Structure formats: C-alpha cells, structure tokens
Amino acid sequence: MTTAFSPVSGNAYAIGACQPASADLCQNELLSLTPPCKAVHWLDAGTPVILLPEPFATSAPNISAAKPIFLRHMFPADLWLPPDTLANADILADALAPLITKPVALQIRRVAVDRNSELSFAGTAALAEALSKKGLLLPEQKQQAPLDSNVLSGVITPEGGIFGVSKVSDNISPHAGGMRHFTPEETAHLISRAEHKLSEAIEAFSLELPKGGEALDLGAAPGGWSKVLLSHGMRVTAVDPASLAPELSGKVAHFAGLAQDFAKTELSKQAPARFSVIVNDMRLDVAESAQVMVSLAPLVMEGGLVIMTFKLPQKGKTAAIKKGMAIMEQAYARQNARQLFHNRSEITAVFTKK
Ligand SMILES: C[S@@+](CC[C@H](N)C(=O)[O-])C[C@H]1O[C@@H](n2cnc3c(N)ncnc32)[C@H](O)[C@@H]1O
C-alpha cells in the first residue's frame with residue numbers, strides 16, 4: 001500500500017481489480033452506480049479498496065447487474081490482518097476459519113509487492129494445506145473457482161492481508177483479480193496472442209457459438225480469432241487486407257480487402273442474412289468500426305451474436321464508448337461490455353442482432 005489505510009469499523013468494503021491504466025475510469029464507473037460506491041484507497045494502481053453503501057452480499061448483485069466495464073473483479077474485505085499474523089499458516093487458518101461456513105475455493109494474490117517489500121507470508125500452498133486439515137477447503141483447487149461455490153479471496157500486501165468469503169458468482173469473475181491466465185498448453189500453438197481475447201470473452205460472457213453456423217471475422221489477420229471460431233465448429237469468412245496465417249489456408253474464406261468494401265460487395269448482391277456470429281477486432285476508430293457493423297446488419301441473422309473490441313483513443317475514452325454504443329444500438333441490442341484481462345487499450349463488447 002502506498003500509505004496505510006485503516007478501515008472504519010462498521011463500514012463495508014470490497015477489494016476491486018481493474019487494469020491499472022483504467023483506474024480513473026473504474027473510479028468514475030463506481031461513482032456513477034446507484035447507490036454510488038467509491039474507491040477510497042488504492043493498494044496498487046489496479047487494486048482499489050471500495051467503500052460500499054451496503055454489506056457486500058447486498059451490494060455485489062447490484063454492482064454486477066449494472067455490468068461495470070472497468071471493474072473486473074471484487075471480493076468482500078471482511079478481515080484485515082496485520083503482517084505479523086501472516087507468517088504461520090496454521091495461525092492464519094485459525095483466524096480465517098470464522099469466515100468460512102462451508103468448504104471454499106481459495107484465491108490469494110500478492111499486491112503492491114516488489115523486490116524491496118518485506119513480506120512474511122506462509123504462502124498459498126501452506127495456507128491451503130492448513131485450511132484443508134480443518135475441512136474448510138474444496139477438494140480440487142482450480143484456477144477458475146466453481147461458479148456455484150464460495151471462495152475465500154485475499155490480497156497480501158506489505159501492510160498486511162485482507163480477506164473475505166463470498167459466492168463466486170458475486171465477484172464478477174471466477175478468477176483471482178479477474179485475471180484469466182491461459183495454461184502453457186493453451187498458449188503453445190497460437191496464431192496470435194489476440195486469440196486469448198476471444199477465448200476469454202466467450203468464457204467470461206458464457207457465449208454459445210452455434211456449431212455449423214457461419215461466422216464473419218472482421219480485421220481477421222493474422223487469424224487468431226478465425227482459428228477460435230473454427231475450433232467451435234463454425235464456418236468462417238475472414239475479412240482483412242493483410243495475409244492470414246498459412247495454417248488457415250483452405251479452412252476459411254478470405255476476403256482480402258477492407259470491411260467497408262466487403263459490406264458494399266455483399267449488400268450490392270442483396271445477399272441474405274446468413275451470419276449467426278460477427279466478430280470484429282479491427283484496428284479502427286470505435287465510431288467507424290460501429291458504423292461498419294451497422295451497415296452489415298442485413299447480413300446477420302435475427303438474434304445473431306456480435307463480439308467486438310472497441311479500440312479506445314488516448315483521450316476521451318468514455319465519450320468514445322458512449323458513441324460506439326449509440327451507433328451499435330441502431331441495429332444491435334447491447335448484452336455486455338468489459339475490459340477483460342487480455343484487453344489492452346480496448347474493451348470487449350457483446351451484442352445481439354435486434
Ligand atoms: C488486432 S489485429 C486483429 C488480430 C486478429 N483478431 C487475430 O486474432 O489475429 C487488427 C487488424 O485489423 C485490420 N483492419 C484495420 N482496419 C480494417 C478495415 N477497415 N477492414 C478490415 N480490416 C481492418 C488490420 O489489417 C489488422 O490485421
């Protein structure tokens with residue numbers, strides 16, 4: 001922690017997570033909630049201590065229902081422990097036990113810890129073992145906590161540890177800090193790192209891609225997203241003036257031109273609505289990208305799924321999102337939008353065709 005923070009007794013707090021570069025956007029989003037929440041302290045640039053208007057169990061469903069874009073994870077800050085209580089796993093497990101009413105998943109992350117930080121923490125594995133001995137831990141610990149379980153979350157900082165137990169479904173993401181890490185096997189044969197963005201979006205928003213359906217991939221090169229769509233059993237038309245990876249040759253139809261030209265060509269043929277999915281990762285101004293999507297709406301089947309990244313400008317990010325959403329809503333119904341772990345200066349938005 002940059003400066004020590006003392007929670008006021010009787011107040012409810014959550015520990016949040018957002019991309020460090022989006023801290024201001026996350027704060028504005030919290031303040032605009034009804035009732036408003038506020039980041040009253042930052043453990044590090046991406047980890048706010050959020051003052052909640054009501055206890056976590058009441059506030060969390062309201063916050064989730066508002067579908068925040070920049071807050072990617074949260075958990076209740078129920079127990080604040082000083083650094084000297086973190087070194088011994090059994091003592092720590094004794095302190096945490098009263099929070100736990102049924103076996104939990106365990107998600108502990110270190111925050112604001114650098115090489116110079118003096119930290120005496122027993123470690124997550126030792127804590128897991130101590131909790132397990134007490135019968136307080138779910139038998140199989142996975143990176144993604146089961147959605148119907150409770151999770152014990154914690155952050156370990158040089159100032160101490162902050163812990164809380166909640167329903168996984170109340171935390172926005174089932175991953176610690178909303179960080180969906182892919183395994184080395186999942187990362188081994190990527191065409192592009194962008195693949196993770198689409199895979200994460202499909203998982204985070206629980207999207208069903210219709211097997212055997214037709215997908216349109218705008219801004220497809222070098223082809224990571226096309227590969228993901230193929231892996232879901234879809235037939236793919238990839239649009240990009242740039243080349244696709246050789247491994248996609250013969251597997252996708254490639255329109256080697258701009259999306260605007262693809263739209264003109266298809267619409268002049270009065271082609272029927274044949275796409276059940278459109279994805280768009282074009283490196284393009286948000287409003288322009290959204291306009292292309294609206295022009296392509298006649299080619300999208302009713303209820304068809306849209307997954308697109310909004311590339312955010314250096315300045316005026318909120319205005320750009322608002323404008324992009326307003327254009328998209330001419331033809332599509334907004335379902336969700338979030339800055340996912342694998343997004344950089346962008347967000348991922350999901351719509352369905354109206
Ligand atoms: C971030 S890359 C896409 C990566 C891709 N999703 C993947 O998984 O490999 C952005 C792409 O958008 C393409 N692009 C930019 N403007 C475009 C436009 N107007 N029409 C089609 N493609 C465009 C660029 O050529 C570039 O290949």
Condition met for A297 (at pLDDT 95 or above, assigned by TED's automatic domain parsing to the domain that holds A238, within 27 Å of N28 (Cα to Cα) and small (G, A, S)) | no
Do we find that D170 is at negative phi, touching a residue at least 60 places away in the same chain (Cβ under 8 Å) and charged (D, E, K, R) in this structure?
-> yes
Long-range neighbours under 8 Å by Cβ, at least six apart or interchain, first residue of a type in the set (S, T, N, Q) within segment 42-63, second part of a helix (DSSP H, G or I) | T47/G177
Taking Q143 as meeting all but one of (1) over 20 Å from P48 (Cβ atoms); (2) in contact with a strand residue (DSSP E or B) (Cβ under 8 Å, 6 or more places away or on another chain); (3) in a loop (DSSP other than H, G, I, E, B); (4) open to solvent by 10 Å² or more (accessible area, probe 1.4 Å), write down the number of the exception.
-> (2)
Which number in (1) open to solvent by 30 Å² or more (accessible area, probe 1.4 Å); (2) in contact with a helix residue (DSSP H, G or I) (Cβ under 9 Å, 6 or more places away or on another chain) marks the one condition that P48 misses?
-> (1)
When V49 is evaluated against the numbered criteria (1) part of a loop (DSSP other than H, G, I, E, B); (2) within 23 Å of G178 (Cα to Cα); (3) among the hydrophobic types (A, V, I, L, M, F, W, C), which criterion, by number, is the only one it fails?
-> (1)
Determine whether S289 is touching a strand residue (DSSP E or B) at 6+ places or on another chain (Cβ under 8 Å), under 26 Å from S22 (Cβ atoms), open to solvent by less than 10 Å² (accessible area, probe 1.4 Å) and among the small types (G, A, S).
-> yes
Matching residues in segment 267-286 - criterion: being in contact with a strand residue (DSSP E or B) (Cβ under 9 Å, 6 or more places away or on another chain) and open to solvent by less than 60 Å² (accessible area, probe 1.4 Å) = A273, F275, S276, V277, I278, V279, N280, D281, M282, L284, V286
Looking across segment 292-302 at residues that are open to solvent by 50 Å² or more (accessible area, probe 1.4 Å) and outside any helix (DSSP H, G or I), the single one that is nearest to the ligand (Cβ to nearest atom) is M301
Residue tally, condition in contact (Cβ under 8 Å) with a residue 40 or more places away in the chain and within 12 Å of the ligand (Cβ to nearest atom), over segment 217-239 = 6
Residue list for segment 177-198, restricted to those being within 11 Å of the ligand (Cβ to nearest atom), of a type outside the set (K, R) and farther than 13 Å from S226 by Cβ = H196
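The values are calculated or read from the model by the stated rules, or taken from the named source; none is laboratory data. Keep in mind the model is a prediction, meaning the values are calculated, not measured. Using ideal geometry, Cβ is built from the backbone for each residue, glycine included, and neighbour counts are taken over all protein chains shown. All accessible areas refer to the heavy atoms of the entire protein, side chains included, with ligands and DNA or RNA removed. Shrake-Rupley method; radii C 1.70, N 1.55, O 1.52, S 1.80 Å.
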